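*Asks:* This is the structure I have questions about; it appears just below.
The values are calculated or read from the model by the stated rules, or taken from the named source; none is laboratory data. Model, not experiment: these values are computed from the prediction. Heads up, the Cβs are rebuilt from the backbone with ideal geometry, glycines too, and the neighbour counts pull from every protein chain shown. All accessible areas refer to the heavy atoms of the entire protein, side chains included, with ligands and DNA or RNA removed. Shrake-Rupley method; radii C 1.70, N 1.55, O 1.52, S 1.80 Å.
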Amino acid sequence: MLELSQQAIFSGLLVGSVYALVALGIALTFGAMKIINLAHGELVLLAAYMAYFIESRTGWNPYAAIPLAFAVTAVVSVAVYLLIDRIKLHRELNSLILTFAILLVFASDVRSTNSPVLQDALSFHTVYAMKGELAAFVVSLAVMTALWWWLKLSWYGRAVRAVSSNRDAAMLMGIDPRRVELAAFLVAGILASVAGVALFTMSVVQPALGPALTVKAFVVTVLAG
């Protein structure tokens, strides 16, 4: 029983790091724009299918798909932002309705990585993990560290926090909220791209995963504040 508990906690930690990336993307757009983006999980899923596309067509490591995944999710993120930017009243409710409609149009097949390296297992005394899970954990931590640096030390990061805190006061300080909101959407797209590729390397991806990811990300966001 003790070994099963240790394995459950260890596996939960590895998978939870990827869920944290998804949750950070939702939290970023909600904090900057007061927008509930239910389509964020679909961006993660889209990135996962880009990883499948690269692996199946070229045989490369799925992580090589991150630039392509970001290019695709960036285009979709900008399109979603332009739609949402037209909403002037009751942004929380209306953006939720709009992005819920967007997620309904996604469909594809069940896919998983065929990389023998990523599917290999490693043993750590009483716990086990696939190399894909360990790689996803390391990459997720690196991206979260980069996000922390961006929010704390970069101009756009501070601008995002300013707009989130007080939009009108930020405008008085010369900050253009629309540019900052677009930057937040693009950074959320980067998080979705990395999370999607990481999920592809460690589990099976299929159409129903998008909404499930969104729900789990909301739970993480609410619990983490």
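*Asks:* Around A121, with a cut-off of 15 angstrom between Cβ atoms, what is the net charge of the other residues, counting Lys and Arg +1 and Asp and Glu -1?
*Replies:* Numbers: positive: K131; negative: D120, E133.
Overall, the nearby charge balance is -1.
*Asks:* Rank these by accessible area, largest first, 1.4 Å probe: F30, F137. Walk me through the numbers before you get to the answer.
*Replies:* Values: F30 85, F137 50 Å².
The ordering from most to least exposed comes out as F30, F137.
*Asks:* When the accessible area of the stretch 1-85 is split by element with a 1.4 Å probe, what percent falls to carbon and sulfur? Please report the intermediate quantities before stating the final value.
*Replies:* Values: 2720 of 3480 Å².
Carbon and sulfur: 78 percent of the exposed surface of the stretch 1-85.
*Asks:* Considering every Cα-Cα pair within the stretch 2-78, what fraction, in whole percent, is farther apart than 21 Å? Numbers along the way, then the final one.
*Replies:* On the way: 1256 of 2926 pairs.
Above the 21 Å cut-off, the stretch 2-78 has 43 percent of its Cα pairs.
*Asks:* In addition: When the Karplus curve 6.51 cos²θ - 1.76 cosθ + 1.60 is applied with θ = phi - 60°, which whole-Hz ³J(HN,Hα) does each residue of the stretch 125-138 get, with x for Gly and Pro?
*Replies:* For the stretch 125-138, the Karplus curve yields 6, 9, 10, 10, 7, 6, 4, x, 5, 5, 5, 4, 5, 5 Hz.
*Asks:* Now, a different point. Given a 1.4 Å probe and every protein chain left where it sits, what share in percent of the accessible area of the stretch 107-225 is carbon and sulfur? Numbers along the way, then the final one.
*Replies:* Values: 4170 of 6280 Å².
Taking all protein chains in place, the stretch 107-225 shows 66 percent carbon and sulfur surface.
*Asks:* On full extension of the chain, what length is gained from V219 through V127, given 0.36 nm per residue of separation minus the C-alpha to C-alpha distance? Walk me through the intermediate numbers first.
*Replies:* On the way: separation 92, 0.36 × 92 = 33.12 nm, distance 2.67 nm.
Taking 0.36 nm per residue and subtracting the Cα distance, the gain is 30.5 nm.
*Asks:* Going by amide H atoms built from the backbone, whose H comes under 5 Å of the H on L38, apart from near neighbours?
*Replies:* For L38, the qualifying residues are T99, F100.
*Asks:* Over the Cα atoms of the stretch 109-207, each weighted equally, I'd like the Debye log10 I(q)/I(0) at q = 0.10, 0.14, 0.16, 0.22 Å⁻¹, rounded to two decimals.
*Replies:* -0.43, -0.67, -0.77, -1.06
*Asks:* In square angstrom, what is the accessible area per residue of the stretch 108-190 with a 1.4 angstrom probe?
*Replies:* Working: 4890 Å² over 83 residues.
Heavy-atom SASA per residue in the stretch 108-190 reads 59 Å².
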